[in-house]
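Here's the structure, in structure tokens; my notes come after.
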Amino acid sequence: MATHDYNLANATGAAFRSDLNNALSAVASNNSSSSDPATTFAFQWYVDTGDNTLKIRNAANDAYINVSTVGGIGSANFGLAPLASPTFTGNVIISSTTALRVPVGTTTQRNDYSGVANGDIRYNSSSSTFEGYAGGAWGAIGGGATGGGGDSVFYENSLTVTTSYSISANSGAHAVGPLVINSGVTVTVPATSHLVIS
């Protein structure tokens, strides 16, 4: 662990070699120290051993920017979320004026997904609807009336049942038919519920 001013002054052979070795040690250890290097340069790497954080100097050479999370050295991916399948805890706040893009896939791709859990949401490209997973089944979310030119007139449903489904207990359900129930698929209507197909 070492830092250096990277100024190799004239010196006798042994003294110069010692100074050069110290500079190389600083380079090899990414200027590691428990306090900021006394001499800084734009884009200089710095390992803060005081809180185990990897930092880099900004372009203006007036501050360090954390590259890893605080204490992230020694952690996989420096403690940062990986690009594929990251897991977040706590509140996740996304500040944007555009949109949050959710997974898009067909009904078949949805049914092939083995990691499903309550709270999952996606866009079903087969039925052109948003859907969420709760209570052991996928169901439509949102899906208010639609129409042309901003009208809210029509409620639409698919005409083919591709996945077994049970109407919730003590509930009423309505679908516009005729409906096709695929082979091997069942629709269960509990004794306390009603299903109307019009």
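Observations on the model:
- Screening Ile65, Ile94 for residues that are in a strand (DSSP E or B), over 27 Å from Asn182 (Cα atoms) and of a type outside the set (Phe, Trp, Tyr) leaves exactly one candidate, Ile65.
- Exclusive hit being in a loop (DSSP other than H, G, I, E, B), of a type outside the set (Ser, Thr, Tyr), over 30 Å from Val70 (Cβ atoms) and outside the structural domain of Thr69 (by TED's automatic domain parsing), set Gly115, Gly132: Gly115
- Of the residues making up the stretch 48-85, those that are among the β-branched types (Val, Ile, Thr), farther than 14 Å from Ser34 by Cα and over 18 Å from the mean Cα position of the chain (by Cα) are Ile56, Ile65, Val67.
So that you can scan it fast, the table gives a plain yes or no per residue for (1) crowded, with 16+ Cβ neighbours inside 10 Å; (2) of a type in the set (Asp, Glu); (3) under 24 Å from Ser75 (Cβ atoms):
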| site | (1), (2), (3) |
| --- | --- |
| Asn10 | no, no, no |
| Arg17 | no, no, no |
| Asn21 | no, no, no |
| Ser25 | no, no, no |
| Asn30 | yes, no, yes |
| Ser33 | yes, no, yes |
| Gln44 | yes, no, yes |
| Val47 | yes, no, yes |
| Gly50 | no, no, yes |
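- Enumeration of residues in the stretch 87-107 that are surrounded by 10 or more Cβ atoms within 10 Å (Cβ to Cβ) and either within 30 Å of Ile56 (Cα to Cα) or polar (S, T, N, Q) (or both): Thr106, Thr107
- Residue within the stretch 140-163 that is in a strand (DSSP E or B), of a type outside the set (Lys, Arg), in contact with a strand residue (DSSP E or B) (Cβ under 9 Å, 6 or more places away or on another chain) and loosely packed, with under 12 Cβ neighbours inside 10 Å present: yes
- Looking across the stretch 110-133, just one residue is under 15 Å from Tyr165 (Cβ atoms) and loosely packed, with under 14 Cβ neighbours inside 10 Å, and that is Asn111.
The values are calculated or read from the model by the stated rules, or taken from the named source; none is laboratory data. Since this is a predicted model, take the numbers as computed values, not measurements. All Cβ positions, even for glycine, are placed from backbone atoms using ideal geometry, and neighbour counts span all protein chains on display.
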